[in-house]
Amino acid sequence: MILNGKILSEKRLELLTEEIKESGIRPCLATVLVGDDPASHMYVRMKHKACEKVGITSVGAELPVEATTAEVLAAVEKFNKDPKVSGILVQLPLPPQVDTQAVIDAVSPEKDVDGFHPTSIGRLYSGHPKLVPCTPQGIMTMLAEHGIELAGKNAVVVGRSVDVGRPMAALLLNADATVTICHSKTQNLPAIMQQADILVSGIGKARFVTPEMVKEGAVVIDVGINHDENGKLCGDVDFDAVVEKASAITPVPGGVGPMTIATLMENTLKAAQAMSCNPAQ
Ligand code: GUN
């Protein structure tokens, strides 16, 4: 089974459009973009476009590459205070002179649609999530939509980032999987991966995951966005080889990626619904 994130995300976005229309709420996403990294600009553009598609208003603050921490904090604070804004997203990475953790900490937890604030992470890890990071939440949606059972399964997450690995592990644990988190210092990585019923790879190495590392019938989720030696976009998983062994697998592109943006839209509506002073009310 190929887990097609493009089709599923389009379906979710259509449902969300209806839900927003019927809710009478007009959610608003505010983005903060610092510097001129082309990939970051492209991601933010895609997010604004998705907003427009589903009926979410969006606003953006753009700061120059030499912006200070104080300037970025001021942009965040302005959106925190704005009652029309229901969700705030600071596009990462920030330039090196900016204190990224201070910026993440400054986002109001009620508007933290990225789910990176310590309050959001604490809620998730204590088993009472509100706003959950979009990529792992999108993966959970995909697994649920395809009826993939998680309770009691061995789940192995490769990567321990705040946006993917850690929240992914927490979500799988909350769903009663037995979870192992692996990372760059893990010993005998292939042997651990081989035990996985559910394997999530967020390593960032082109076609690193080969069939020898995958258990027969495993569900393989590829979070990698890499370019191979010919410049071709590919995931962490050697898809053509692993597809023979997996019971379900996500392609790159068209797997996890589109689900991330759909989940961001869902989080923005969720934040708007939870806001006591909604602009439409
Ligand atoms: N940069 C790469 N991934 C992400 C993400 O999920 N959220 C934000 N804000 N920036 C990112």
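Would it be correct to say that V200 is touching a residue at least 12 places away in the same chain (Cβ under 8 Å) and more than 30 Å from S126 (Cβ to Cβ)?
Values: touching a residue at least 12 places away in the same chain (Cβ under 8 Å): yes; more than 30 Å from S126 (Cβ to Cβ): no.
Criteria not met by V200.
Restricting to region 15-36, name every residue that is part of a helix (DSSP H, G or I), among the polar types (S, T, N, Q) and either within 16 Å of the ligand (Cβ to nearest atom) or modelled with pLDDT of 95 or more (or both).
Initially, region 15-36 is screened for residues part of a helix (DSSP H, G or I), giving 15-23.
Now restrict to residues that are among the polar types (S, T, N, Q): 17, 23.
Within region 15-36, just T17 meets the criteria.
Of everything in region 83-97, what is within 18 Å of K47 (Cβ to Cβ) and not small (G, A, S)? Give them in sequence order. Steps first, please.
To start, the set of residues in region 83-97 that are within 18 Å of K47 (Cβ to Cβ) comprises 84-94.
Those that are within 18 Å of K47 (Cβ to Cβ) and not small (G, A, S): K84, V85, I88, L89, V90, Q91, L92, P93, L94.
Have a look at D228, D222 and point out the one that is among the acidic types (D, E) and touching a Cys at 6+ places or on another chain (Cβ under 8 Å).
Just one listed residue meets the conditions, D228.
Return the pairs, sorted by first residue and then second, in which the second residue is away from the ligand (no atom under 13 Å from the Cβ) and outside any helix (DSSP H, G or I), the first residue lies in region 37-52 and is under 18 Å from E10 (Cα atoms) and at pLDDT 95 or above, the beta carbons are less than 6 Å apart, and the residues are 6+ apart or on different chains.
Matching pairs, first to second residue: H48/S58; C51/S58.
Pick out the one residue from V156, V164, V200 that is surrounded by 18 or more Cβ atoms within 10 Å (Cβ to Cβ) and in contact with a Cys (Cβ under 7 Å, 6 or more places away or on another chain).
Criteria check complete, one pass: V156.
From the list A248, A272, pick out the single residue that is out of contact with any Lys or Arg (no Cβ under 9 Å at 6 or more places or on another chain) and more than 16 Å from the ligand (Cβ to nearest atom).
Step by step, each of A248, A272 is checked, and only A248 is out of contact with any Lys or Arg (no Cβ under 9 Å at 6 or more places or on another chain) and more than 16 Å from the ligand (Cβ to nearest atom).
Answer with yes or no whether A70 is within 14 Å of the ligand (Cβ to nearest atom), in a helix (DSSP H, G or I) and of a type outside the set (K, R).
Details: within 14 Å of the ligand (Cβ to nearest atom): no; in a helix (DSSP H, G or I): yes; of a type outside the set (K, R): yes.
For A70, the condition - within 14 Å of the ligand (Cβ to nearest atom), in a helix (DSSP H, G or I) and of a type outside the set (K, R) - is not met.
Scan region 242-249 and give yes if some residue there is within 23 Å of L8 (Cβ to Cβ) and part of a strand (DSSP E or B), otherwise no.
Yes: region 242-249 contains one or more residues that are within 23 Å of L8 (Cβ to Cβ) and part of a strand (DSSP E or B).
Out of all the residues in region 85-92, is one or more crowded, with 18+ Cβ neighbours inside 10 Å and assigned to a helix (DSSP H, G or I)?
No, because not a single residue in region 85-92 is crowded, with 18+ Cβ neighbours inside 10 Å and assigned to a helix (DSSP H, G or I).
So A39 fits all but one of (1) more than 17 Å from the chain's Cα centre (by Cα); (2) within 13 Å of the ligand (Cβ to nearest atom); (3) in a helix (DSSP H, G or I); what number is the exception?
(1)
I need the full set of residues from region 78-132 which are in contact with a strand residue (DSSP E or B) (Cβ under 7 Å, 6 or more places away or on another chain) and basic (K, R), in order please.
K84, K111
In region 200-227, how many residues are of a type in the set (S, T, Y) and either touching a strand residue (DSSP E or B) at 6+ places or on another chain (Cβ under 7 Å) or modelled with pLDDT under 95 (or both)?
Applying the first criterion (of a type in the set (S, T, Y)) to region 200-227 yields 201, 210.
In the following step, the residues that additionally are either touching a strand residue (DSSP E or B) at 6+ places or on another chain (Cβ under 7 Å) or modelled with pLDDT under 95 (or both) were identified as 201.
Counting residues in region 200-227 that are of a type in the set (S, T, Y) and either touching a strand residue (DSSP E or B) at 6+ places or on another chain (Cβ under 7 Å) or modelled with pLDDT under 95 (or both) gives 1.
Restricting to region 111-135, count the residues that are more than 11 Å from the ligand (Cβ to nearest atom) and either among the small types (G, A, S) or surrounded by 18 or more Cβ atoms within 10 Å (Cβ to Cβ) (or both).
Here is the first cut: in region 111-135, the ones more than 11 Å from the ligand (Cβ to nearest atom) are 111, 117-132.
Now drop any that are not either among the small types (G, A, S) or surrounded by 18 or more Cβ atoms within 10 Å (Cβ to Cβ) (or both), which leaves 111, 117, 120-124, 126-127, 129, 131-132.
Number satisfying all stated conditions: 12.
Can you find a residue in region 213-225 that is surrounded by fewer than 23 Cβ atoms within 10 Å (Cβ to Cβ) and either touching a helix residue (DSSP H, G or I) at 6+ places or on another chain (Cβ under 6 Å) or under 30 Å from F79 (Cα atoms) (or both)?
no
The values are calculated or read from the model by the stated rules, or taken from the named source; none is laboratory data. Remember, it's a predicted structure, so these values are computed and weren't measured experimentally. Methodologically, a virtual Cβ is constructed for each residue, glycine included, from the backbone with ideal geometry; neighbour enumeration extends over all protein chains shown.
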